[in-house]
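Let me begin by presenting the structure, written as C-alpha coordinates, before commenting on it.
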Amino acid sequence: MAPDLRTRLGSAELPNPILTASGCASSGRELAQFIDVSKIGAIVTKSVMLAPRAGRPTPRMAETSSGMLNSIGLQGPGIDAFLQRDLPWLLSHGARVVVSIAGQTVREYGALASRLSDTAGVSAVEINLSCPNAEDAGRMFALDPVTAGSVVAAVRGSLRYDIPVFAKLSPDVTDIMAVAGACVAAGADGLSLINVLAGMVIDPARLRPALAGAYGGLSGPAIRPVAVRCVWQVREAFPDVPIIGTGGVRTGRDALERLLAGASLVGVGTAIVHDPSACSRVARELEEELGALGADRVADVIGQAHGAGRRAARGLVDGPRRA
Ligand SMILES: Cc1cc2nc3c(=O)[nH]c(=O)nc-3n(C[C@H](O)[C@H](O)[C@H](O)COP(=O)(O)O)c2cc1C
(Lines give C-alpha, C1' and ligand atoms only; values in the text may rest on other atoms or scores of the structure.)
Protein backbone atom coordinates (compact mmCIF):
# COMPACT_ATOMS: atom_id res chain seq x y z
CA MET A 1 0.00 0.00 0.00
CA ALA A 2 1.31 3.46 -0.84
CA PRO A 3 2.06 5.77 2.11
CA ASP A 4 -0.77 8.11 3.05
CA LEU A 5 0.28 11.67 2.18
CA ARG A 6 -2.92 13.30 3.42
CA THR A 7 -2.65 15.93 6.11
CA ARG A 8 -4.66 18.80 7.58
CA LEU A 9 -4.45 22.57 7.64
CA GLY A 10 -7.03 23.85 10.11
CA SER A 11 -10.34 22.48 8.91
CA ALA A 12 -9.04 21.74 5.39
CA GLU A 13 -7.90 18.28 4.38
CA LEU A 14 -4.88 18.40 2.06
CA PRO A 15 -4.04 15.54 -0.33
CA ASN A 16 -0.35 15.98 0.50
CA PRO A 17 1.90 18.35 2.50
CA ILE A 18 3.42 20.12 -0.53
CA LEU A 19 2.50 23.79 -1.01
CA THR A 20 3.60 26.44 -3.47
CA ALA A 21 5.80 29.06 -1.76
CA SER A 22 4.41 32.58 -1.83
CA GLY A 23 5.35 34.62 -4.90
CA CYS A 24 6.59 31.69 -6.95
CA ALA A 25 3.28 30.76 -8.56
CA SER A 26 1.60 34.17 -8.48
CA SER A 27 -2.07 33.57 -7.60
CA GLY A 28 -1.89 29.93 -8.77
CA ARG A 29 -3.70 30.43 -12.08
CA GLU A 30 -0.45 30.32 -14.05
CA LEU A 31 0.25 26.77 -12.83
CA ALA A 32 -3.02 25.37 -14.14
CA GLN A 33 -1.63 24.73 -17.63
CA PHE A 34 1.01 22.45 -16.09
CA ILE A 35 -0.65 20.79 -13.07
CA ASP A 36 -4.05 20.18 -11.51
CA VAL A 37 -4.04 22.79 -8.74
CA SER A 38 -6.48 20.70 -6.70
CA LYS A 39 -3.93 17.87 -6.44
CA ILE A 40 -1.25 19.77 -4.52
CA GLY A 41 -1.53 20.45 -0.79
CA ALA A 42 -2.37 24.14 -1.15
CA ILE A 43 -1.55 27.25 -3.12
CA VAL A 44 0.11 29.95 -1.05
CA THR A 45 -0.63 33.13 -2.97
CA LYS A 46 1.79 35.90 -3.83
CA SER A 47 1.67 38.34 -0.89
CA VAL A 48 -1.40 40.53 -1.31
CA MET A 49 -1.35 44.18 -0.26
CA LEU A 50 -4.18 46.65 0.25
CA ALA A 51 -3.53 48.64 -2.94
CA PRO A 52 -2.19 47.61 -6.37
CA ARG A 53 1.59 47.98 -6.66
CA ALA A 54 4.03 47.94 -9.57
CA GLY A 55 7.00 46.42 -7.71
CA ARG A 56 10.63 47.49 -7.97
CA PRO A 57 12.51 48.73 -11.07
CA THR A 58 14.20 46.23 -13.42
CA PRO A 59 16.51 44.31 -13.61
CA ARG A 60 15.13 42.49 -10.60
CA MET A 61 16.32 38.92 -11.06
CA ALA A 62 19.88 37.59 -11.11
CA GLU A 63 21.19 34.02 -11.19
CA THR A 64 23.70 32.87 -8.60
CA SER A 65 25.37 29.52 -7.93
CA SER A 66 22.63 27.11 -6.84
CA GLY A 67 20.06 29.85 -6.48
CA MET A 68 18.71 33.15 -7.63
CA LEU A 69 18.38 36.67 -6.36
CA ASN A 70 15.15 38.61 -6.78
CA SER A 71 14.00 42.09 -5.94
CA ILE A 72 10.50 41.89 -7.42
CA GLY A 73 9.08 43.88 -4.52
CA LEU A 74 5.45 43.45 -3.63
CA GLN A 75 4.04 43.71 -7.12
CA GLY A 76 0.36 42.80 -7.30
CA PRO A 77 -3.21 43.85 -8.05
CA GLY A 78 -4.21 44.59 -4.44
CA ILE A 79 -6.78 42.92 -2.19
CA ASP A 80 -9.91 44.02 -4.09
CA ALA A 81 -8.84 42.45 -7.40
CA PHE A 82 -7.55 39.40 -5.53
CA LEU A 83 -10.89 38.81 -3.80
CA GLN A 84 -12.94 39.46 -6.95
CA ARG A 85 -10.84 37.56 -9.47
CA ASP A 86 -8.05 35.31 -8.15
CA LEU A 87 -9.57 33.75 -5.04
CA PRO A 88 -12.85 32.66 -6.74
CA TRP A 89 -10.83 31.14 -9.59
CA LEU A 90 -8.70 29.09 -7.20
CA LEU A 91 -11.68 27.91 -5.18
CA SER A 92 -13.66 27.00 -8.30
CA HIS A 93 -10.72 24.81 -9.38
CA GLY A 94 -10.72 22.89 -6.10
CA ALA A 95 -7.50 24.40 -4.67
CA ARG A 96 -6.94 24.93 -0.98
CA VAL A 97 -5.80 28.52 -0.59
CA VAL A 98 -3.40 30.07 1.89
CA VAL A 99 -3.52 33.83 1.46
CA SER A 100 -0.22 35.57 2.07
CA ILE A 101 -0.62 39.17 3.19
CA ALA A 102 1.89 42.02 3.31
CA GLY A 103 1.62 45.54 4.66
CA GLN A 104 3.67 48.64 5.21
CA THR A 105 2.23 49.38 8.65
CA VAL A 106 0.76 47.25 11.44
CA ARG A 107 -2.62 48.83 10.72
CA GLU A 108 -2.44 47.76 7.06
CA TYR A 109 -1.97 44.12 8.05
CA GLY A 110 -5.03 44.40 10.29
CA ALA A 111 -7.05 45.96 7.46
CA LEU A 112 -6.08 43.11 5.12
CA ALA A 113 -7.16 40.50 7.68
CA SER A 114 -10.44 42.33 8.10
CA ARG A 115 -11.03 42.29 4.31
CA LEU A 116 -10.27 38.54 4.21
CA SER A 117 -12.94 38.05 6.86
CA ASP A 118 -15.53 39.16 4.29
CA THR A 119 -14.93 36.06 2.24
CA ALA A 120 -15.23 32.30 2.72
CA GLY A 121 -13.00 29.48 1.54
CA VAL A 122 -9.57 30.63 2.76
CA SER A 123 -7.75 27.71 4.43
CA ALA A 124 -5.15 29.82 6.26
CA VAL A 125 -3.45 33.21 6.33
CA GLU A 126 0.30 33.57 6.02
CA ILE A 127 1.74 36.86 7.27
CA ASN A 128 4.74 37.95 5.23
CA LEU A 129 6.83 39.79 7.84
CA SER A 130 9.73 40.46 5.45
CA CYS A 131 8.30 43.81 4.40
CA PRO A 132 9.69 47.26 5.14
CA ASN A 133 7.89 48.95 8.04
CA ALA A 134 7.04 52.48 6.86
CA GLU A 135 6.81 53.57 10.51
CA ASP A 136 10.32 52.35 11.35
CA ALA A 137 12.55 53.75 8.58
CA GLY A 138 11.82 50.75 6.35
CA ARG A 139 13.19 48.12 8.77
CA MET A 140 11.64 44.71 8.13
CA PHE A 141 8.88 43.75 10.57
CA ALA A 142 10.54 40.33 10.90
CA LEU A 143 13.72 41.78 12.44
CA ASP A 144 12.18 42.74 15.75
CA PRO A 145 10.21 40.36 17.99
CA VAL A 146 8.02 43.16 19.39
CA THR A 147 7.09 44.54 15.96
CA ALA A 148 6.55 41.07 14.51
CA GLY A 149 4.29 40.23 17.48
CA SER A 150 2.24 43.40 16.99
CA VAL A 151 1.58 42.49 13.36
CA VAL A 152 0.40 39.00 14.37
CA ALA A 153 -1.82 40.46 17.11
CA ALA A 154 -3.35 42.94 14.63
CA VAL A 155 -4.12 40.16 12.15
CA ARG A 156 -5.51 37.81 14.79
CA GLY A 157 -7.62 40.60 16.26
CA SER A 158 -9.07 41.60 12.88
CA LEU A 159 -9.98 38.16 11.56
CA ARG A 160 -13.66 37.65 12.26
CA TYR A 161 -13.54 33.87 11.90
CA ASP A 162 -11.16 31.26 13.15
CA ILE A 163 -8.65 30.17 10.53
CA PRO A 164 -5.01 29.28 11.11
CA VAL A 165 -2.59 32.19 11.02
CA PHE A 166 1.03 31.45 10.08
CA ALA A 167 3.76 34.06 10.63
CA LYS A 168 6.46 33.86 7.95
CA LEU A 169 9.86 34.66 9.39
CA SER A 170 13.10 35.94 7.93
CA PRO A 171 16.37 34.05 8.40
CA ASP A 172 18.23 37.39 8.48
CA VAL A 173 18.15 37.62 12.28
CA THR A 174 20.58 36.52 14.98
CA ASP A 175 17.91 34.79 17.07
CA ILE A 176 15.03 33.38 15.07
CA MET A 177 13.58 31.74 18.20
CA ALA A 178 12.98 35.15 19.80
CA VAL A 179 10.89 36.27 16.80
CA ALA A 180 9.15 32.90 16.61
CA GLY A 181 8.29 33.07 20.32
CA ALA A 182 6.89 36.59 20.04
CA CYS A 183 4.69 35.57 17.09
CA VAL A 184 3.35 32.50 18.90
CA ALA A 185 2.70 34.54 22.06
CA ALA A 186 0.81 37.09 19.94
CA GLY A 187 -1.53 34.43 18.57
CA ALA A 188 0.15 32.77 15.56
CA ASP A 189 -1.08 29.19 15.16
CA GLY A 190 1.95 28.25 13.11
CA LEU A 191 5.20 29.52 11.64
CA SER A 192 6.42 29.60 8.09
CA LEU A 193 10.19 29.28 7.69
CA ILE A 194 11.94 30.77 5.76
CA ASN A 195 11.72 33.77 3.52
CA VAL A 196 14.69 34.74 1.33
CA LEU A 197 18.11 35.81 2.67
CA ALA A 198 19.39 39.28 1.76
CA GLY A 199 22.08 39.06 -0.91
CA MET A 200 23.82 41.00 -3.64
CA VAL A 201 25.44 40.33 -7.01
CA ILE A 202 27.74 42.79 -8.79
CA ASP A 203 28.00 42.70 -12.59
CA PRO A 204 31.72 43.14 -13.31
CA ALA A 205 31.03 44.08 -16.95
CA ARG A 206 28.84 47.03 -15.94
CA LEU A 207 30.78 47.80 -12.74
CA ARG A 208 27.53 47.98 -10.79
CA PRO A 209 25.02 45.85 -8.91
CA ALA A 210 23.20 43.37 -11.15
CA LEU A 211 19.83 44.37 -9.65
CA ALA A 212 18.40 47.86 -10.04
CA GLY A 213 17.63 47.89 -6.31
CA ALA A 214 21.19 46.69 -5.46
CA TYR A 215 20.07 44.06 -2.91
CA GLY A 216 17.77 41.14 -3.48
CA GLY A 217 16.48 37.99 -1.81
CA LEU A 218 18.49 34.79 -2.23
CA SER A 219 16.44 31.62 -2.77
CA GLY A 220 16.85 28.12 -4.18
CA PRO A 221 19.11 25.18 -3.24
CA ALA A 222 21.80 27.59 -1.93
CA ILE A 223 19.64 28.39 1.12
CA ARG A 224 18.47 24.86 1.88
CA PRO A 225 20.82 24.18 4.83
CA VAL A 226 19.89 27.55 6.37
CA ALA A 227 16.20 26.68 6.07
CA VAL A 228 16.72 23.23 7.59
CA ARG A 229 18.61 24.80 10.50
CA CYS A 230 15.83 27.34 11.14
CA VAL A 231 13.12 24.66 11.10
CA TRP A 232 15.21 22.49 13.39
CA GLN A 233 15.82 25.29 15.92
CA VAL A 234 12.21 26.43 16.01
CA ARG A 235 10.94 22.85 16.32
CA GLU A 236 13.30 22.29 19.28
CA ALA A 237 12.04 25.43 20.99
CA PHE A 238 8.33 25.07 20.09
CA PRO A 239 7.66 21.38 19.43
CA ASP A 240 3.87 21.82 19.31
CA VAL A 241 3.76 24.67 16.80
CA PRO A 242 3.12 23.58 13.19
CA ILE A 243 5.77 24.71 10.70
CA ILE A 244 5.61 25.30 6.96
CA GLY A 245 9.19 24.55 5.89
CA THR A 246 10.29 26.42 2.75
CA GLY A 247 13.67 27.18 1.21
CA GLY A 248 15.61 25.28 -1.42
CA VAL A 249 13.25 22.31 -1.71
CA ARG A 250 13.70 20.77 -5.16
CA THR A 251 13.12 17.03 -4.68
CA GLY A 252 11.10 14.58 -2.60
CA ARG A 253 14.21 13.88 -0.59
CA ASP A 254 14.54 17.60 0.24
CA ALA A 255 10.89 17.56 1.37
CA LEU A 256 11.54 14.50 3.54
CA GLU A 257 14.55 16.26 5.10
CA ARG A 258 12.31 19.26 5.95
CA LEU A 259 9.70 16.99 7.56
CA LEU A 260 12.38 15.17 9.56
CA ALA A 261 13.64 18.57 10.79
CA GLY A 262 10.14 19.30 12.12
CA ALA A 263 8.05 20.91 9.38
CA SER A 264 4.55 19.51 8.91
CA LEU A 265 4.04 21.17 5.53
CA VAL A 266 6.65 21.93 2.86
CA GLY A 267 6.80 24.93 0.52
CA VAL A 268 8.33 24.76 -2.95
CA GLY A 269 9.36 28.10 -4.47
CA THR A 270 12.29 28.67 -6.83
CA ALA A 271 12.06 25.07 -8.12
CA ILE A 272 8.74 26.09 -9.75
CA VAL A 273 10.55 28.75 -11.77
CA HIS A 274 12.57 26.02 -13.51
CA ASP A 275 9.89 23.31 -13.42
CA PRO A 276 6.28 24.51 -13.19
CA SER A 277 5.16 21.00 -12.23
CA ALA A 278 7.67 20.85 -9.34
CA CYS A 279 5.02 20.62 -6.58
CA SER A 280 3.36 17.54 -8.11
CA ARG A 281 6.73 15.93 -8.81
CA VAL A 282 8.01 16.62 -5.26
CA ALA A 283 4.79 15.10 -3.81
CA ARG A 284 5.26 11.99 -5.98
CA GLU A 285 8.92 11.67 -5.00
CA LEU A 286 8.05 12.17 -1.33
CA GLU A 287 5.62 9.28 -1.56
CA GLU A 288 8.47 7.12 -2.90
CA GLU A 289 10.83 8.30 -0.14
CA LEU A 290 8.30 7.49 2.56
CA GLY A 291 7.65 4.11 0.96
CA ALA A 292 11.37 3.33 0.95
CA LEU A 293 11.51 4.20 4.67
CA GLY A 294 8.55 1.97 5.43
CA ALA A 295 6.54 4.92 6.77
CA ASP A 296 2.76 4.57 6.52
CA ARG A 297 1.91 8.27 6.87
CA VAL A 298 3.54 11.68 6.61
CA ALA A 299 2.96 12.16 10.34
CA ASP A 300 5.33 9.22 11.01
CA VAL A 301 8.37 11.26 9.96
CA ILE A 302 7.60 14.81 11.17
CA GLY A 303 10.32 15.91 13.58
CA GLN A 304 11.76 12.41 13.69
CA ALA A 305 15.35 13.62 13.44
CA HIS A 306 15.06 15.21 16.90
CA GLY A 307 15.99 13.74 20.29
CA ALA A 308 13.76 10.80 21.23
CA GLY A 309 12.39 10.89 17.71
CA ARG A 310 15.86 10.16 16.43
CA ARG A 311 15.66 6.73 18.07
CA ALA A 312 12.20 6.15 16.66
CA ALA A 313 13.43 7.15 13.23
CA ARG A 314 16.25 4.68 13.54
CA GLY A 315 13.65 1.99 14.24
CA LEU A 316 11.74 3.14 11.20
CA VAL A 317 14.79 3.08 8.99
CA ASP A 318 16.16 -0.23 10.33
CA GLY A 319 12.76 -1.85 10.59
CA PRO A 320 11.22 -4.16 8.05
CA ARG A 321 10.71 -2.65 4.62
CA ARG A 322 7.47 -2.93 2.74
CA ALA A 323 7.25 -5.77 0.26
C1 LIG B 1 10.36 35.49 -7.39
C2 LIG B 1 10.05 35.33 -5.93
C3 LIG B 1 8.99 36.06 -5.37
C4 LIG B 1 8.68 35.90 -4.01
N5 LIG B 1 7.61 36.58 -3.48
C6 LIG B 1 7.27 36.38 -2.18
C7 LIG B 1 6.11 37.00 -1.63
O8 LIG B 1 5.36 37.72 -2.32
N9 LIG B 1 5.84 36.78 -0.32
C10 LIG B 1 6.59 35.96 0.48
O11 LIG B 1 6.28 35.78 1.66
N12 LIG B 1 7.69 35.33 -0.04
C13 LIG B 1 8.03 35.52 -1.33
N14 LIG B 1 9.11 34.86 -1.84
C15 LIG B 1 9.88 33.95 -0.98
C16 LIG B 1 9.43 32.49 -1.18
O17 LIG B 1 8.09 32.31 -0.82
C18 LIG B 1 10.31 31.52 -0.35
O19 LIG B 1 10.12 31.79 1.02
C20 LIG B 1 11.79 31.64 -0.69
O21 LIG B 1 11.98 31.86 -2.08
C22 LIG B 1 12.57 30.39 -0.28
O23 LIG B 1 12.05 29.24 -0.92
P24 LIG B 1 12.69 28.64 -2.29
O25 LIG B 1 14.17 28.48 -2.04
O26 LIG B 1 11.98 27.33 -2.49
O27 LIG B 1 12.40 29.61 -3.36
C28 LIG B 1 9.45 35.01 -3.20
C29 LIG B 1 10.52 34.30 -3.77
C30 LIG B 1 10.81 34.44 -5.12
C31 LIG B 1 11.96 33.64 -5.70
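The values are calculated or read from the model by the stated rules, or taken from the named source; none is laboratory data. Since we're looking at a predicted model, the values are computed, not measured. Every residue, glycine as well, gets a Cβ built from its backbone with ideal geometry; the counts of neighbours run over all protein chains shown. Just the protein is used for accessible areas: all its heavy atoms, side chains included, with ligands, DNA and RNA removed. Shrake-Rupley method; radii C 1.70, N 1.55, O 1.52, S 1.80 Å.
Taken about its Cα centre, the chain carries a charge dipole of roughly 280 debye when the Cβ of each Lys and Arg holds +1 and the Cβ of each Asp and Glu holds -1. If the segment from Ala205 to Ser65 were pulled out straight at 0.36 nm per residue, it would be longer than the present Cα-Cα gap by 48.6 nm.
Just the number please: accessible area per residue for the chain, 1.4 Å probe, all protein chains included, in Å².
Details: 13740 Å² over 323 residues.
Per residue, the chain has 43 Å² of solvent-accessible surface.
With the simple model of a label 7 Å out from the Cα in the direction of the Cβ, Ala212 to Glu135 spans 3.0 nm. For the stretch 34-133, the set of chymotrypsin sites (Phe, Trp or Tyr not before Pro) satisfying both a DSSP loop assignment and a count of at most 14 other C-beta atoms within 10 Å is empty.
Among the trypsin sites (Lys or Arg not before Pro) within the stretch 131-196, those in coil by DSSP and having at most 14 neighbouring Cβ atoms inside 10 Å are Arg160.
Highest-first packing order for the peptide set 20-27, 210-217 is 20-27, 210-217, based on the mean count of other beta carbon atoms within 10 Å. Computed over protein heavy atoms with a 1.4 angstrom probe, the accessible surface ordering of Ser150, Ser219, largest first, is Ser150, Ser219. Surface composition of the chain: carbon plus sulfur atoms hold 54% of the accessible area, using a 1.4 angstrom probe and ignoring ligands, DNA and RNA.
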